[in-house]
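Peer 1: First, the structure itself, so that you have it in front of you.
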Amino acid sequence: MDRPSATERQPEDPGPADDVLGEAAPEGAASEGDASGDDASAGGSVIATRGLTKRYGGGQLAVDGLDLTVPAGSVFGFLGPNGSGKTTTIRMLMGLITPTSGTARVLGRPMPRASRAVLPQVGALIEGPALYGFLSGRDNLLRYDAADPTADPRTRRARVGAALDRVGLTAAAAKKARAYSLGMKQRLGLAAALLQPRKLLVLDEPTNGLDPQGMREIRSLVRELAGDGTTVFLSSHLLDEIEQVCTHAAVMAQGRLITQGAVADLAAGARGRLAVTTPDPGEAVRVLKEQGVTDVVVTEDRVTGEPPERDLAEVNAALVAAGVRVRGFTVERASLEDAFVALTGEGFDVAG
């Protein structure tokens, strides 16, 4: 497919399948001076932005000075609450909208100027797939594949069948797309992005509308693609999804980049919660608060809280001295959510 399957069009709108990116993609290809970026996926960064900014009419600042680096071969989680600027960033990276200022390079080439050279190497699912509701799932993919001038028509049906099988839609391939559930439409959009081998796969909230089993299957597929050498850029507002599948992540809030790096490093930068197991939770709460533990939560015989900036052996000794029967005393491994709270000072509002 010559262009990623991304659009603002409603899924049932039967617009032309070969215009999924709309008019934003430029007519000209990248200049010869940009050719040095062809090997970006072999090492270094697959996506790099510097000062990338988007301001809409009325002064709304959607993305503010974004400096983002996505390593080649990574599963990169782009994390933030709804409305934090994730989709706007992706749309700039794919050439769907023009930045107000700053630069973006994808596979080593400038976007949107090099769209015609870059996009055939990119598969994308952004803001849901654009589907022909009156066509079957299989016929939708056949139409997408036919729009790709590099696709061999002799092997088209085999490619479509393989893509349907990969996302678990073979049994529903003959059903009209208008009868698909939201989760099935997400799967079909992902299948469209997988019709050809890609150096980069860009997925905007790919598990939206999926049940737990479907979410597990998509996560497994993402790991499989990464194992084959594809760099996956995955946006989500679900912390556990990023933590389970991604090797690297960036955190956005209110249009700004808060942090980025390896997921393990981001979590390691935050201190985990203190957890005490005891049959005396009431007394434990009193002592822990006296020792400077904050945000104390009691769940049956388990008391957790934010540890104080002091030697925790002294905290444990204070519990024992007060007669609290301590059966477990540990600092839990910090999660990505702990890191987010530590960096922003607030919880992760998924409805924001």
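The values are calculated or read from the model by the stated rules, or taken from the named source; none is laboratory data. Here the structure is a predicted model, which is why all the values come from computation and not from measurement. Reconstructed Cβ throughout: ideal geometry from the backbone, glycine too, with neighbour counts over all protein chains shown. Note: areas computed on protein heavy atoms with side chains; ligands, DNA, RNA excluded. Shrake-Rupley method; radii C 1.70, N 1.55, O 1.52, S 1.80 Å.
Peer 1: Multiplying the sequence separation of ASN82 and PHE134 by 0.36 nm and subtracting their Cα-Cα distance, what value in nm do you get?
Peer 2: Taking ASN82 through PHE134 to full extension adds about 15.6 nm, to one decimal.
Peer 1: Over every pair of different alpha-carbon atoms in segment 164-308, take the mean of 1/r and invert it; report that Kirkwood radius in Å.
Peer 2: One decimal place: 18.6 Å for the Kirkwood radius.
Peer 1: Now for a separate question. What's the carbon and sulfur percent of segment 97-154's accessible surface, probe 1.4 angstrom, rounded to a whole number?
Peer 2: 51 percent
Peer 1: Put a dot 7 Å past each Cα toward the Cβ at THR103 and GLN196; how far apart are the dots in nm?
Peer 2: 2.7 nm
Peer 1: Let me ask another. Under a point-charge model restricted to the Cβ atoms of Lys and Arg (+1) and Asp and Glu (-1), what is the dipole moment magnitude of segment 219-338 relative to its Cα centre, in debye to the nearest 20?
Peer 2: 60 debye
Peer 1: Leaving out ligands, DNA and RNA, and with a 1.4 Å probe, what % of the accessible surface on segment 158-276 is carbon or sulfur?
Peer 2: It is 51 percent, rounded to a whole number.
Peer 1: Can you tell me the Rg and the Dmax, both Å, for the Cα atoms in segment 238-287?
Peer 2: 16.4, 46
Peer 1: Please find the FRET efficiency linking ALA313 to ASP67, where r is the Cβ-Cβ separation and R0 is fixed at 51 Å, and quote it to the nearest 0.05.
Peer 2: 0.80
Peer 1: A further question follows. How high is the FRET efficiency from ASP240 to LYS176, r the C-beta distance, R0 25 Å, rounded to 0.05?
Peer 2: 0.15
Peer 1: Treating cross-link reach as a plain straight distance, find the lysines whose alpha-carbon is under 17 Å from the alpha-carbon of LYS185, omitting any fewer than eight places away in the same chain.
Peer 2: LYS175, LYS176
Peer 1: Give the accessible surface of segment 50-135 per residue, rounded to a whole number of Å², with probe radius 1.4 Å and ligands, DNA and RNA excluded.
Peer 2: Dividing the accessible area of segment 50-135 by its residue count gives 31 Å².
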